[in-house]
1. Mind telling me which of the residues 430, 412 ends up being buried (at least 19 other Cβ atoms within 10 Å of the Cβ), under 25 Å from residue 620 (Cβ atoms), in contact (Cβ under 8 Å) with a residue 60 or more places away in the chain and touching a helix residue (DSSP H, G or I) at 6+ places or on another chain (Cβ under 9 Å)?
2. Quick test for you: out of 272, 300, 310, 255, pick the one residue that is within 25 Å of the chain's Cα centre (by Cα) and either over 28 Å from residue 595 (Cβ atoms) or at pLDDT below 95 (or both).
3. Give the range 296-319 a look and list any residue that's part of a loop (DSSP other than H, G, I, E, B) and over 25 Å from residue 393 (Cβ atoms), or say none.
4. If you scan the range 586-632, which residues turn out to be acidic (Asp, Glu) and either touching a His at 6+ places or on another chain (Cβ under 9 Å) or surrounded by fewer than 19 Cβ atoms within 10 Å (Cβ to Cβ) (or both)?
5. Scanning for something over 19 Å from the mean Cα position of the chain (by Cα), crowded, with 24+ Cβ neighbours inside 10 Å, more than 27 Å from residue 575 (Cα to Cα) and at pLDDT 95 or above, does the range 441-455 turn up at least one residue?
6. Before we move on, is residue 322 buried (at least 24 other Cβ atoms within 10 Å of the Cβ) and either outside any helix (DSSP H, G or I) or modelled with pLDDT under 90 (or both)?
7. Could you grab me the full set of residues in the range 325-342 that are surrounded by fewer than 24 Cβ atoms within 10 Å (Cβ to Cβ) and either among the hydrophobic types (A, V, I, L, M, F, W, C) or in contact with a Gly (Cβ under 6 Å, 6 or more places away or on another chain) (or both)?
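The values are calculated or read from the model by the stated rules, or taken from the named source; none is laboratory data. Just so it is clear, the model here is predicted, and its values are computed rather than measured. A quick note on method: Cβ atoms are made from the backbone with ideal geometry, for glycine too, and the neighbour counts reach across all protein chains shown.
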Amino acid sequence: MTHTNDSQIRILFLTAEPTDTARLRLGQELREIKQRLQQSQHRERFFLESALSARPGDISQELLNFRPHIVHFSGHGASTGELCFENDRGTVEPISPQALAALFRLVANRVQCVLLNACYSDIQARAIAQHIPFVIGMNTAIGDRGAIAFAIGFYQALAANRSFEEAFGFGRVQMQLEGTSEELTPVLFINASQKPEIDNLKIKIQKKLCFQRRLLGITFSMIILTGGIGFLLKEKFQSWFTPYASEPELFSQGEKFFSLGDETFYRKKGVEAFAKNDYIKATEFFEKSKDIDRNNPEVEIYYNNSLAHERGKKMKVKPITVAVVVPISTRRTSAIAMLRGVALAQNQFNQENEEAGFINRPLNVIIANDSNDSNQAQRVANELIKDQNVLAVIGHNASTASKSALKEYEKNDLAMIAPTSASTELKGDNFFRTILSTEVAAKYLAEYAIKNKIKQVVIFYKEKDSYSEDIRKNFAVFFEDKKKGRKVKSYIKLENSQQNAREEFKSNLFYDNPPDAVVFFPDTELVSTVIDIVSFTRRLRPEFKSNLNLKLLGGATLYTSETLKQAKEGVEGLILTVPWFPEEKNLQKFAKWACDRWEEKIDWATASSYDATQAFIAAISQSKNPSRKDVIENLKSIKLRPDKNSPYKTSGDALQFINGERKDAKPVLVRVVKGRSEECGSMETGGFHFEKVE
């Protein structure tokens, strides 16, 4: 067994590079980490142990023998969530998220941080974070340069007594400094319930270091109260009242960029000017930047924010502020779609306001990143609550994240207008929704199934996800009727690797009594899993000619270009229920306008986010100096019409809230077909597009 000084921080570095995978520069990464630790003034506090070409059995052995505080894995990851270790032959031996999470649960009293420096490892990281305080994964593929750069920044900061949270930030910045353009790939998961364990370890090591320093004759009146073991847990010195002090990297009005578009000289200069409160220069630079990066809504929002702040200075008033919370780190496409809707409405309002002589205060937008993570969403909510300038929140994206944040907003009378969260679990006096709920969507899809004489279905869903659980329960309520022979044969968990979703799909097709339809209700995170399943059908179809009439149904989370691009023929005929469709007659005008502005087709998230912003604008316009409570009360009474006589346009349908739900919201059924769509019509990729089911 390896022995170390009890005050040392133990780092276990695991690598795996199976012979049937691409070569990685793992040796360089290990050398860089050793070098950063060795160059530190506190190098005696770290002990690094490496286990190369790791097999599954090696992991538990090393954890038991070495008893590390930090576990670092470098190697390959699969898009389905497995990490690739080596078997006895040196080839790939995949390990599921559930298996590793179960292992780390057994060592949770010791391990404080896990870093998975592998492609698509965020799925593993999320699972492990149920038991370990700090876990870092990658939300997509990551190159060697990016992985090594992150490791350099991360361990450099740890060696300088920084916390895990700060070290994570340094890792991302190092990626930017080395020009990898992958700084949004690493994702940090924090399990606050495990932090007492860190505090206990902190106290233990503080005492040890204090004793050592006394022996050296060094006198400190407040020894290590603000340092010492800072790399294990950041001392929370931020003010209870100052917003955005604890995690400033999650928020921006223009003082930083989330890298949603191309880097430009003008964008960089605009950020620098905005940070210095030089709004005239910021406006000039952001205007030039948005002319270059035409389809980037972040630039458009910061341009309008600069104008709003400059105009506010002249008027001697503060701009009206709304926050929009999006999953930038994990669902970049969803974040862009939502921000485009907000940017359109903000720009329209500020322009019309200026033309009218500024009868209203200009509109400022704060962008926040919650990564569709419940814990991060709650932390974002608490920071926004502190900022008394924020009068409402547009967001969040995923229903589970929205549920976590909503309870915080409700306690502080802050309105939440949800453009994409459909779960009926979301309710409250301060809650409003611009899309239809899962209940309405599920009913519409069930009625389609009944009309088409579907008797038996199998449902794929994600357990414990607010949207997925809610819509599958509602679908069953409206669909099942034992007297008429309609039933759900089985429910299959998409995220459970032990219940292999693809194999379950295949086995259902070969039952003596196979289903008439398969229904998919994934959350946004598991869309790729559904794509893998339906793509599998292309290879299977010659094997089950009797089941060629099997229907594929699903929810709005599958209405993405990713579905068309990756699944192709596998999703041909897939029927989805969506809240908004650009080829509807009354929606075409907005779809064309938005399409022309962003120079590409838009989806329902852009339309509903536009409506959410217009609802907020209408609410603030009813009061001279609106408060948070005023916004909530005014939202209850707004009536927006898309006709020419209304000063507030919508994306096509009238907008009014009844108990927080959109009145008369009606879904649209669409199917995947071959061919091209209209110029500014439905999404189109790889020779397939969506068309309305008449």
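1. Just one listed residue meets the conditions, 430.
2. 255
3. Hit for the range 296-319 is 316, nothing else.
4. Result: 596, 599, 600, 630.
5. No; the residues of the range 441-455 include none that is over 19 Å from the mean Cα position of the chain (by Cα), crowded, with 24+ Cβ neighbours inside 10 Å, more than 27 Å from residue 575 (Cα to Cα) and at pLDDT 95 or above.
6. yes
7. Correct list: 336 only.
Condition check ((1) in contact with a helix residue (DSSP H, G or I) (Cβ under 8 Å, 6 or more places away or on another chain); (2) assigned to a helix (DSSP H, G or I); (3) modelled with pLDDT of 90 or more; (4) more than 25 Å from residue 127 (Cβ to Cβ)) across all residues:
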residue	(1), (2), (3), (4)
460	yes, no, yes, no
478	yes, yes, yes, yes
483	no, yes, yes, yes
518	yes, no, yes, yes
